[in-house]
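The values are calculated or read from the model by the stated rules, or taken from the named source; none is laboratory data. Given the structure is predicted, the values throughout are model-derived calculations rather than measurements. Don't worry about glycine lacking a Cβ; one is built from the backbone with ideal geometry, like all the others, and counts go over all protein chains shown.
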Amino acid sequence: MKHLIGLIVACLILSSAWAQTKISGKLTDDKGAAVPFANVFIKDSYDGASTAEDGSFSFDTFEEGDAILAVSVIGYESFEQAVKLEGKPLAINPQLKAQVKELDMVVISAGAFEASDEKKAVVLKPLDIVTTAGAAGDIFGAIQTLPGTAQIGEQEGLFVRGGSAAETKTIIDEMVVQNPFFSSVPDVPQRGRFSPFLFKGTVFSTGGYSALYGQALSSALVLNSADLADNTQTGIGLTMVGPFLSHTQRWENTSVSVSANYSNLEPFFKINKQLADWQEVPESAGGEVVFRQKTSKTGIFKLYGTYSGNRLALNTPNIENPDMPNSFALENTNIYLNSSYKEWLNENWSVFVGTSYSKDLDDIEETTFNLESDEELTQGKLILNRQLGKFSALKFGGEVHSMTSFGQFDAFANDLEDTYSAGFVEGDIFISSKLATRVGLRVENSELLNQQNIAPRTSLAYKTGENSQMSLAYGHFYQTPENQFLYQLENLDYERADHYIINYQRMNNDRTFRIEFYDKEYSGLVKSVPDSAQWLNNSGEGYARGFDIFWRDKKTIRFVDYWISYSYLDTKRNYRDFPIEAQPTFTSTHTFSLVYKHWISKWRCNAGATYTYASGRPYFNPNRSAEEFHSDVTPDYHNLSLNLAKLTSIKGQFTVLFLSVSNVLGIENTFGYRYSADGSRRQTVGPPNLRTIFFGCFISIGDQ
Amino acid sequence: MKVLSLIFAFTLSAVVATAGGDNKKFIKTMETTIAMLDTVESPGSMMAVSNRFERIANAEQKEWLPLYYAAFCQIMISYMESDNEKKDEILDKAQALVDKANELEKKNSEIHILMGWIYSARIMVDPMTRGQKFGPQSSAMYTAAEQYDETNPRVDYMRGTSLFYTPPMWGGGKDKALPVLETAAEKYKNFKPKSSIHPTWGEKQTLEMIAQCNEE
């Protein structure tokens with residue numbers, strides 16, 4: 001009896017002795033380097049060890065039979081190997097594959113500047129936009145410090161690489177915005193309508209942009225709105241021009257923000273002497289609603305709506321009769337709605353559906369005429385995305401725009417209607433982590449023009465080193481002629497630009513260098529042909545060539561972040577009413593800007609300066625012969641702006657105090673000249689004010 | 001017959017012993033691994049402890065505590081790392097572990113403390129752009145942690161710590177931190193962990209900080 005039990009016990013002891021297996025080895029990566037501190041273990045057991053500095057490991061396990069040896073460590077693909085545990089020591093030397101990080105992948109970047117919090121390899125952060133001196137918190141103002149943009153002081157818009165403002169489209173959540181700026185006022189540039197805080201990411205493309213977008217010959221500014229608001233909070237803004245109030249409520253899967261603002265420039269004008277002759281101080285009021293609903297782990301519904309109304313009046317000099325100034329009064333109402341839904345259907349498929357609506361009403365009274373205009377744009381867009389592996393993807397879809405534009409010019413009424421539709425397909429194919437290509441095709445149809453176009457786009461990016469890459473881009477871009485021409489003649493065709501871009505970029509941690517050469521060939525531009533029966537046609541053409549350089553350094557000087565942009569542009573066109581091929585008035589050959597930001601941690605203060613320079617722009621002088629068209633050039637442009645933002649707290653609430661001074665040196669820049677019809681008199685087109693001071697504060701009250 | 005029944009009884013007790021021993025083994029391994037936390041000095045040895053917790057978590061798929069401790073280790077490692085990019089990767093891992101723990105044990109005060117702590121650790125990577133976003137998110141987690149267990153001293157300990165390191169002009173400072181830390185100390189006195197492997201950390205540090213507050 002005892003014998004038997006003893007036998008069993010002995011067996012058990014023996015078997016457990018037999019079951020103890022020693023596993024040892026050395027862990028290396030695919031380059032042969034040791035991987036320390038990794039977790040090496042037998043799956044579903046406690047047994048395992050961490051690797052030492054030299055990658056070696058050793059442990060005993062009591063598990064037996066078939067088991068799985070697993071290795072896990074940050075930065076590497078996980079590793080598993082089947083093992084047989086039979087008590088014999090095992091020597092295993094696993095080799096780990098380094099995980100391909102997004103950061104290490106080549107980026108399809110020709111033509112594009114990206115600002116984002118989420119992605120790491122970006123040139124700008126959204127906050128950079130707000131803290132750029134001279135930008136005055138305006139997205140477009142900050143974008144103007146990037147290379148490729150012209151310094152145009154007498155009207156709003158982004159003038160990119162020899163293109164006019166109309167050649168840049170602003171896109172919010174995949175859909176084109178009809179009126180991104182407040183309505184134009186003669187010689188007074190207007191701000192953008194959208195707050196930079198609405199967006200989590202911005203892609204500013206100076207050329208060669210994606211086939212998902214169209215109707216822009218030169219450039220696309222793609223803004224992606226933020227998802228769910230982070231916190232419940234109330235914001236109070238108080239500036240020289242009026243108050244701003246907002247409240248955001250956050251629930252688990254829902255957030256709603258409501259805001260209202262009123263502005264009156266009276267106090268601003270009191271402090272900042274105006275050169276413009278204001279008759280009615282600009283006044284505006286508006287409101288905004290932002291709704292976000294997380295529909296599932298991966299789905300989100302977004303709704304954004306804004307309403308604003310503004311009015312103003314000023315006198316502008318009358319060159320024909322200096323004693324009788326022209327009057328200009330404007331009343332504008334603008335409504336904009338944008339909704340979208342994005343969801344991953346499964347691991348591989350995602351879908352985006354968006355709709356937007358905008359209505360813009362202008363009522364303008366000028367000395368000699370009245371103009372009422374009513375523009376409406378309704379859009380729908382669908383994008384399907386098929387993931388091909390971790391990084392590659394194929395996108396396709398379509399969009400439809402229904403546009404109506406009505407203009408009552410005294411007794412004359414004009415109206416335009418267009419249904420524009422487009423289909424697109426685009427593949428981002430990563431051939432390796434070093435080589436990627438984007439191939440896209442866009443097909444457009446405009447009912448108004450009764451014309452179709454097919455626009456191929458492609459780019460190629462190759463990683464030349466750990467931190468550097470080269471890119472190429474090529475594409476066709478079409479745009480429906482501006483309404484002012486379509487009012488005169490509907491029988492026109494698309495205007496077209498072909499882009500050729502080559503780019504080199506070096507980016508590591510806190511330093512970025514970029515240089516990009518481009519050639520943009522215009523064709524089919526609207527041209528006036530006064531002698532023919534049809535006074536307009538598409539025979540205009542032109543080119544824009546040059547290079548842009550960008551350098552940003554956040555590292556060399558502690559607490560200092562600066563960037564330098566330089567653009568060289570060679571451009572000529574023969575279009576509109578040009579008698580010969582000539583350089584357009586909205587272009588400068590050399591543009592330079594320096595943005596400097598200094599964080600003074602002792603005072604919790606961000607101080608910044610922006611200096612911009614642009615060489616003189618051509619202007620029209622009627623005293624010149626047709627051969628000398630645009631041969632005169634304005635003086636060079638200089639501007640130095642400063643800003644100061646102090647972060648502090650008032651009664652425990654996060655508060656930002658800010659002060660900005662634009663055109664510190666008070667330089668009276670010349671943007672061009674306006675001549676009387678007989679050419680005997682001229683006047684300078686200059687800024688509406690010189691040095692301007694602006695201050696205010698923003699308090700955010702959250703639950704702390 | 002007798003022999004057979006004896007063998008049967010023996011094997012049965014062996015089976016029972018291993019079954020009961022499983023839980024014992026879990027608690028025992030947890031206890032020894034938790035004890036290791038006190039001896040850790042380098043990121044490497046903290047990593048080794050974290051790996052142990054992860055191995056236990058891997059074998060005990062229903063237990064939230066090993067995940068909790070592994071996340072705790074990762075947060076500690078993130079403070080020892082100087083490279084911002086790696087810091088974020090480590091915190092991503094901590095977040096993944098804590099999310100898993102949260103799936104297993106909903107509305108747990110201790111887990112929410114780690115969630116709030118991860119947010120404050122993330123602020124360190126880029127205070128300028130992240131402070132305004134993650135600060136309130138972090139305090140929202142502490143509020144939740146307090147809701148789930150009012151007696152948890154680590155809520156006040158974490159709040160007191162962040163006040164301690166916030167400059168006075170930002171609504172922080174030692175004088176503001178002191179009463180909060182004292183509340184924490186009071187709660188630590190009365191705090192009874194649910195078991196030998198439930199969290200108990202923070203008391204020593206609380207007392208140290210109180211001493212520093214009182215120095216001036």
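If a residue has to be not hydroxyl-bearing (Ser, Thr, Tyr) and not in a loop (DSSP other than H, G, I, E, B) to count, how many in segment A:676-704 make the cut?
Here is the first cut: in segment A:676-704, the ones not hydroxyl-bearing (Ser, Thr, Tyr) are A:677-679, A:681-683, A:685-691, A:693-699, A:701-704.
Next, only the ones that are not in a loop (DSSP other than H, G, I, E, B) stay: A:682-683, A:685, A:689, A:693-699, A:701-702.
Adding up the residues that qualify gives 13.
Report every pair of residues separated by at least 6 positions or lying on different chains whose Cβ atoms are under 6 Å apart, first residue within segment A:549-575 and farther than 25 Å from A:TRP599 by Cα, second in a loop (DSSP other than H, G, I, E, B) and modelled with pLDDT under 95.
Taking only residues 6 or more apart or on different chains, the pairs are A:SER567/A:PRO147; A:SER567/A:GLY148.
Report whether or not A:ALA645 is within 14 Å of chain B (Cβ to nearest Cβ) and either touching a residue at least 40 places away in the same chain (Cβ under 8 Å) or in contact with a Cys (Cβ under 6 Å, 6 or more places away or on another chain) (or both). Explain how you work it out, then say what you get.
Details: within 14 Å of chain B (Cβ to nearest Cβ): yes; either touching a residue at least 40 places away in the same chain (Cβ under 8 Å) or in contact with a Cys (Cβ under 6 Å, 6 or more places away or on another chain) (or both): yes.
When the stated conditions are applied, A:ALA645 passes them.
Can you find even one residue in segment A:529-542 that is touching an Asp or Glu at 6+ places or on another chain (Cβ under 8 Å), without any contact (Cβ under 8 Å) to a residue 40 or more places away in the chain and hydroxyl-bearing (Ser, Thr, Tyr)?
no
How about segment A:332-363: which of its residues are surrounded by fewer than 17 Cβ atoms within 10 Å (Cβ to Cβ), in a strand (DSSP E or B) and not β-branched (Val, Ile, Thr)?
Matches in segment A:332-363: A:LEU337, A:TYR341, A:GLU343, A:TRP344, A:TRP349.
Restricting segment B:151-165 to residues that are among the aromatic types (Phe, Trp, Tyr) and in contact (Cβ under 8 Å) with a residue 12 or more places away in the chain, which is surrounded by the most Cβ atoms within 10 Å (Cβ to Cβ)?
Filtering segment B:151-165 for residues that are among the aromatic types (Phe, Trp, Tyr) and in contact (Cβ under 8 Å) with a residue 12 or more places away in the chain, the one surrounded by the most Cβ atoms within 10 Å (Cβ to Cβ) comes out as B:TYR157.
Would you check if A:VAL40 is facing chain B (nearest Cβ under 9 Å), surrounded by 18 or more Cβ atoms within 10 Å (Cβ to Cβ) and of a type in the set (Val, Ile, Thr)? Break it down into steps so the answer makes sense when it comes.
On the way: facing chain B (nearest Cβ under 9 Å): yes; surrounded by 18 or more Cβ atoms within 10 Å (Cβ to Cβ): yes; of a type in the set (Val, Ile, Thr): yes.
For A:VAL40, the condition - facing chain B (nearest Cβ under 9 Å), surrounded by 18 or more Cβ atoms within 10 Å (Cβ to Cβ) and of a type in the set (Val, Ile, Thr) - is met.
Kindly check whether there is at least one residue in segment A:6-19 that is at pLDDT 55 or above and surrounded by 15 or more Cβ atoms within 10 Å (Cβ to Cβ).
yes
Residues are listed down the side, and each one gets a yes or a no for (1) touching a residue at least 40 places away in the same chain (Cβ under 8 Å); (2) of a type in the set (Phe, Trp, Tyr):
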{"site": "A:THR585", "(1), (2)": "yes, no"}
{"site": "A:ILE600", "(1), (2)": "yes, no"}
{"site": "A:ASN606", "(1), (2)": "yes, no"}
{"site": "A:SER615", "(1), (2)": "no, no"}
{"site": "A:PHE620", "(1), (2)": "yes, yes"}
{"site": "A:ASN623", "(1), (2)": "yes, no"}
{"site": "A:ALA626", "(1), (2)": "yes, no"}
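Hey, among A:THR145, A:THR149, A:THR132, which residue is under 16 Å from the mean Cα position of the chain (by Cα) and within 24 Å of A:TYR522 (Cα to Cα)?
Only one candidate passes the filter, namely A:THR149.
Working only within segment A:429-452, note down all residues that are within 19 Å of A:GLU417 (Cα to Cα), in contact (Cβ under 8 Å) with a residue 12 or more places away in the chain and assigned to a strand (DSSP E or B). It would help to see each step written out before you state the result.
Just the residues of segment A:429-452 that are within 19 Å of A:GLU417 (Cα to Cα), to begin with: A:444-452.
If we keep only those that are in contact (Cβ under 8 Å) with a residue 12 or more places away in the chain as well, we get A:444-449, A:451.
The answer is A:GLU444, A:ASN445, A:SER446, A:GLN451.
Please count how many residues of segment A:21-55 are charged (D, E, K, R), over 18 Å from A:ASP66 (Cβ atoms) and outside any loop (DSSP other than H, G, I, E, B).
Applying the first criterion (charged (D, E, K, R)) to segment A:21-55 yields A:22, A:26, A:29-31, A:43-44, A:47, A:53-54.
Still in the list and also over 18 Å from A:ASP66 (Cβ atoms): A:26, A:29-31, A:53-54.
Then keep just the ones that are outside any loop (DSSP other than H, G, I, E, B); that gives A:26, A:29.
Qualifying residue count, segment A:21-55: 2.
When segment A:489-513 is examined, which residues are found to be surrounded by 15 or more Cβ atoms within 10 Å (Cβ to Cβ), within 30 Å of A:GLY407 (Cα to Cα) and not charged (D, E, K, R)?
The answer is A:LEU492, A:TYR494, A:ALA497.
Okay, residues lined up against (1) part of a loop (DSSP other than H, G, I, E, B); (2) more than 28 Å from A:THR587 (Cβ to Cβ):
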| site | (1), (2) |
| --- | --- |
| A:ASN639 | no, no |
| A:ALA645 | no, yes |
| A:LEU657 | no, yes |
| A:LEU665 | yes, no |
| A:GLU668 | yes, no |
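Answer yes or no: is there a residue in segment A:160-171 that is within 14 Å of chain B (Cβ to nearest Cβ), basic (Lys, Arg), touching a Leu at 6+ places or on another chain (Cβ under 9 Å) and not in a strand (DSSP E or B).
Step one: filter segment A:160-171 for residues within 14 Å of chain B (Cβ to nearest Cβ), giving none.
Scanning segment A:160-171 turns up no residue that is within 14 Å of chain B (Cβ to nearest Cβ), basic (Lys, Arg), touching a Leu at 6+ places or on another chain (Cβ under 9 Å) and not in a strand (DSSP E or B).
List pairs: first in segment A:319-337 and in contact (Cβ under 8 Å) with a residue 60 or more places away in the chain, second among the acidic types (Asp, Glu) and crowded, with 16+ Cβ neighbours inside 10 Å, Cβ under 9 Å, 6+ apart or cross-chain?
What qualifies is A:LEU330/A:ASP362; A:LEU330/A:ASP363; A:ASN332/A:ASP360; A:ASN332/A:ASP362; A:ASN332/A:ASP363; A:ASN334/A:ASP360; A:TYR336/A:ASP360.
Hey, could you check segment B:43-92 for residues that are outside any helix (DSSP H, G or I) and touching a residue at least 24 places away in the same chain (Cβ under 8 Å) and say which is farthest from the other protein chains (Cβ to nearest Cβ)? Quick ask: steps written out before the conclusion?
Within segment B:43-92, the first condition is being outside any helix (DSSP H, G or I), and the residues that meet it are B:60-64, B:81-83.
Narrowing further to those that are touching a residue at least 24 places away in the same chain (Cβ under 8 Å): B:60, B:62-64, B:81.
Details: B:GLU60: 9, B:LYS62: 13, B:GLU63: 12, B:TRP64: 17, B:GLU81: 11 Å.
Selected residue: B:TRP64.
The rows are residues; the columns are (1) closer than 30 Å to A:THR655 by Cα; (2) in contact with a Leu (Cβ under 7 Å, 6 or more places away or on another chain); (3) at pLDDT below 90.
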residue: B:TYR148; (1), (2), (3): no, no, no
residue: B:THR151; (1), (2), (3): no, no, no
residue: B:ALA184; (1), (2), (3): yes, no, no
residue: B:TYR188; (1), (2), (3): no, no, no
residue: B:PHE191; (1), (2), (3): no, no, no
residue: B:SER196; (1), (2), (3): no, no, no
residue: B:GLN205; (1), (2), (3): no, no, no
residue: B:MET209; (1), (2), (3): yes, yes, no
residue: B:GLU215; (1), (2), (3): no, no, yes
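Quick check on A:ALA52: is it under 43 Å from the mean Cα position of the chain (by Cα) and either within 13 Å of another protein chain (Cβ to nearest Cβ) or surrounded by 14 or more Cβ atoms within 10 Å (Cβ to Cβ) (or both)?
Numbers: under 43 Å from the mean Cα position of the chain (by Cα): no; either within 13 Å of another protein chain (Cβ to nearest Cβ) or surrounded by 14 or more Cβ atoms within 10 Å (Cβ to Cβ) (or both): yes.
It is false that A:ALA52 is under 43 Å from the mean Cα position of the chain (by Cα) and either within 13 Å of another protein chain (Cβ to nearest Cβ) or surrounded by 14 or more Cβ atoms within 10 Å (Cβ to Cβ) (or both).
Do we find that B:MET80 is of a type in the set (A, V, I, L, M) and under 17 Å from B:PRO199 (Cα atoms) in this structure?
Working: of a type in the set (A, V, I, L, M): yes; under 17 Å from B:PRO199 (Cα atoms): no.
Here the answer is no, as B:MET80 does not meet what is asked.
Looking for whichever is surrounded by fewer than 16 Cβ atoms within 10 Å (Cβ to Cβ) and touching a His at 6+ places or on another chain (Cβ under 9 Å) here; the options are A:LEU659, A:LEU665. Which one fits? Write out each step before concluding.
On the way: A:LEU659 fails: touching a His at 6+ places or on another chain (Cβ under 9 Å).
None of the other options fit; the residue is A:LEU665.
Could you check how many residues of segment A:217-267 are of a type outside the set (Asp, Glu), within 14 Å of another protein chain (Cβ to nearest Cβ), loosely packed, with under 15 Cβ neighbours inside 10 Å and in a loop (DSSP other than H, G, I, E, B)?
1
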